[in-house]
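Here's the structure we're looking at; comments come further down.
The values are calculated or read from the model by the stated rules, or taken from the named source; none is laboratory data. It should be emphasised that the depicted structure is a prediction, and the values quoted were computed from it without experimental measurement. As a convention, Cβ positions derive from the backbone with ideal geometry for all residues, glycine included, and neighbour counts pool all protein chains shown.
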Amino acid sequence: MTNTFNQVTDSIKNASTWQQKYREIMLLGKTLPLLPDELKIDDALVPGCESKVWMFVEFDLTENALVVIGDSDTRIVKGLLALILALYNGLTPEQVIKVDAYEEFEKLGLISHLSPSRGNGVKAIVEKIKIMAQQKTL
Amino acid sequence: MPALEFDINKIRSDFPTLNQTVNNQPLVYLDSGATTQKPQCVIDTTVDFYTTKNANVHRGRHFLSENATLLYEDVRTQTADYFGVQSKEIVWTKGATESINLIANGIKNQIKTGDTIIITPVEHHANIVPWQVLAQQAGAKLAIMPLNEDGTFNITRCCEFIEKNKPKLIAITHASNALGNITDLSPLITCAKATGSLVLIDGAQSSMHLRPNLKALNCDFYVFSAHKMLGPTGLGGLYGRYELLNSLTPYQTGGEMIQTVTMTHSTYRDAPAKFESGTPNIAGVLGFGAALNYLTQLNYDEIIKHEQNIFKYAAEKLKKIDGITVYSDLNNNIGTLCFNYKDEHPYDLATLLDGYGVAIRAGHHCTQPLMAHLGLNGTLRASFAFYNNCDDVDKFINALRECIALLD
């Protein structure tokens, strides 16, 4: 887990109401750099249902680290995406495999967002990152 | 039986699901367009079947099987009475989607190359895709009914379109699942009949709210889902004008639907049996019988009056919120509010509303062509039923205002 992740989750952990927690998540989404429209291509869509998530998972050879960028057309999913990016960006493939997003989301009281019925693709975001990491450790 | 007096508190107490908290808030269920809640009598009937009555139907010569068969066939009669048709014109399926697939497959032999099938842009995907497949397989053409910019039909234009295209079949919804708009079917059916077209009505949304008499409506097919009319999930059915119904080829084959079977050839029974191969959803059918009993014991006029009052009350309050756009036709509606707030994604608002215990739908509602027609990616949809009350509306509107404040 990265230091960035601990920094960004403090505000969520400290939220006194569920409304405040969502507000922090949405604010976090706003901190993500905008993905240029020309990168919002169908090939980059993460299979979700009601929300669109575009994501690129790359591997930086010199740093031996995963580089993930992404965007979403919804505020909440974008915030959750920012959380996941903070969790995994810059880690080595070996580290990525060890970090359990479910555990972290559980601690933040956000586990329901990873449930399959949400249809928001957040689960698929994590899976896409994990698959990339697994391929790099083969 | 005389109709019972309409008492909303009594009615709400009949639906155990409504009386609970979600996310520590009293549940406000505004997703009846997706599925209705079930009264206790439906739940009890299903449990009672498995507890004391369970047996297969139409086979055993023993007490339990004969009893189950009687009860099962009674519900077919009850359903036929509800829709004003004959028992043998009702076929059980697993839902409206399967009903349309059964008809589209069964009628394939009667559709020739170059024939036209009319569908409309407001249809649920279930009333689009089976016709696309049929058209492809039979070499038929699909013609798309004209639709006004706001998602309503101009009946005169539609009739002209029917006369011009002389279709073999028209598949059209009685009420839009996304908008709740009611289709003015009578003139369309008259016009279709005059040009010799068959008419299939998607009644998934109308079967409970509008209680249509299908003989009076004069359609050829009508499909419905039990779970959208207080019944169990996994059950639906279809009405087919008998001779026409019996002329369809079976969509699934197997036991129960045959007359005789040799190793090389089989003959089928007449409709409805020939469409009901395999062991049916017996518990579902009996539960649906209880649902119809419950519905028909309520005074229909009072139910509709209440539903419309709640709907209008909600629509008025919703329209007063700055930035809200309502897409539903408010004058002609089964009780569905389709709307957006500014250009906010419906997913965000529905997620936040859930925090307030408010259950509404967000997305394209399985109507992507309609969304494209309206120039939208998706909407929020609050769909009401007679068990909703003014308190539900107030909680919904207050929650929506707070959610909007969270976004702004």
Item to check | Count of residues meeting criterion [in contact (Cβ under 8 Å) with a residue 60 or more places away in the chain, buried (at least 21 other Cβ atoms within 10 Å of the Cβ) and within 14 Å of chain A (Cβ to nearest Cβ)] in the stretch B:372-408 | outcome: 4
Checklist entry - Residues in the stretch B:225-239: is at least one among the charged types (D, E, K, R), more than 30 Å from B:PHE15 (Cα to Cα) and out of contact with any Pro (no Cβ under 6 Å at 6 or more places or on another chain)? => result no
Checklist entry - Do you know which of the residues in the stretch B:119-146 that are farther than 18 Å from B:LEU102 by Cβ and in contact with a helix residue (DSSP H, G or I) (Cβ under 6 Å, 6 or more places away or on another chain) is surrounded by the fewest Cβ atoms within 10 Å (Cβ to Cβ)? => result B:PRO146
Next on the checklist: Tell me whether the stretch A:66-88 contains one or more residues that are away from every other protein chain (no Cβ under 14 Å), in a loop (DSSP other than H, G, I, E, B), within 24 Å of A:ALA133 (Cβ to Cβ) and at pLDDT 90 or above.
Outcome noted: no
Checklist entry - Is it the case that some residue within the stretch B:99-106 is assigned to a loop (DSSP other than H, G, I, E, B), surrounded by 21 or more Cβ atoms within 10 Å (Cβ to Cβ) and touching a helix residue (DSSP H, G or I) at 6+ places or on another chain (Cβ under 8 Å)? => result no
Item to check | Single residue of the stretch A:49-65 satisfying the filter (under 16 Å from the mean Cα position of the chain (by Cα) and more than 15 Å from A:ILE129 (Cβ to Cβ)) that is surrounded by the most Cβ atoms within 10 Å (Cβ to Cβ) | outcome: A:SER51
Checklist outcome for this item: Note on B:LEU330: of the conditions (1) more than 29 Å from A:LYS21 (Cβ to Cβ); (2) within 13 Å of chain A (Cβ to nearest Cβ); (3) touching a helix residue (DSSP H, G or I) at 6+ places or on another chain (Cβ under 7 Å), unmet is (2)
Checklist entry - Does the stretch B:281-299 contain at least one residue that is farther than 16 Å from B:ARG76 by Cβ, outside any helix (DSSP H, G or I) and under 22 Å from the mean Cα position of the chain (by Cα)? => result yes
Checklist entry - Of B:ASN165, B:ASN181, which residue is more than 27 Å from B:GLY278 (Cα to Cα), in contact with a Ser or Thr (Cβ under 7 Å, 6 or more places away or on another chain) and surrounded by fewer than 22 Cβ atoms within 10 Å (Cβ to Cβ)? => result B:ASN165
Item to check | Residue count for the stretch A:23-65, restricted to those that are in contact with a helix residue (DSSP H, G or I) (Cβ under 8 Å, 6 or more places away or on another chain), among the polar types (S, T, N, Q), part of a loop (DSSP other than H, G, I, E, B) and more than 14 Å from every other protein chain (Cβ to nearest Cβ) | outcome: 1
Checklist entry - How many of the residues making up the stretch B:258-278 are out of contact with any Gly (no Cβ under 8 Å at 6 or more places or on another chain) and either in a loop (DSSP other than H, G, I, E, B) or not β-branched (Val, Ile, Thr) (or both)? => result 13
Next on the checklist: I want to confirm something. Restricting to the stretch B:148-162 and keeping residues that are under 25 Å from B:GLY114 (Cβ atoms) and among the hydrophobic types (A, V, I, L, M, F, W, C), which single residue is surrounded by the fewest Cβ atoms within 10 Å (Cβ to Cβ)?
Outcome noted: B:CYS159
Item to check | Residue among B:LEU30, B:LEU70, B:LEU64 that is away from chain A (no Cβ under 14 Å), of a type in the set (A, V, I, L, M) and in contact (Cβ under 8 Å) with a residue 40 or more places away in the chain | outcome: B:LEU30
Checklist entry - Got a number for residues in the stretch B:190-204 being of a type in the set (Val, Ile, Thr) and crowded, with 20+ Cβ neighbours inside 10 Å? => result 2
Next on the checklist: Here is a check on your reading of the model: is B:VAL42 crowded, with 16+ Cβ neighbours inside 10 Å and over 28 Å from B:LEU244 (Cβ atoms)?
Outcome noted: yes
Checklist entry - Among the residues of the stretch B:314-321, is any within 14 Å of chain A (Cβ to nearest Cβ) and touching a Gly at 6+ places or on another chain (Cβ under 9 Å)? => result no
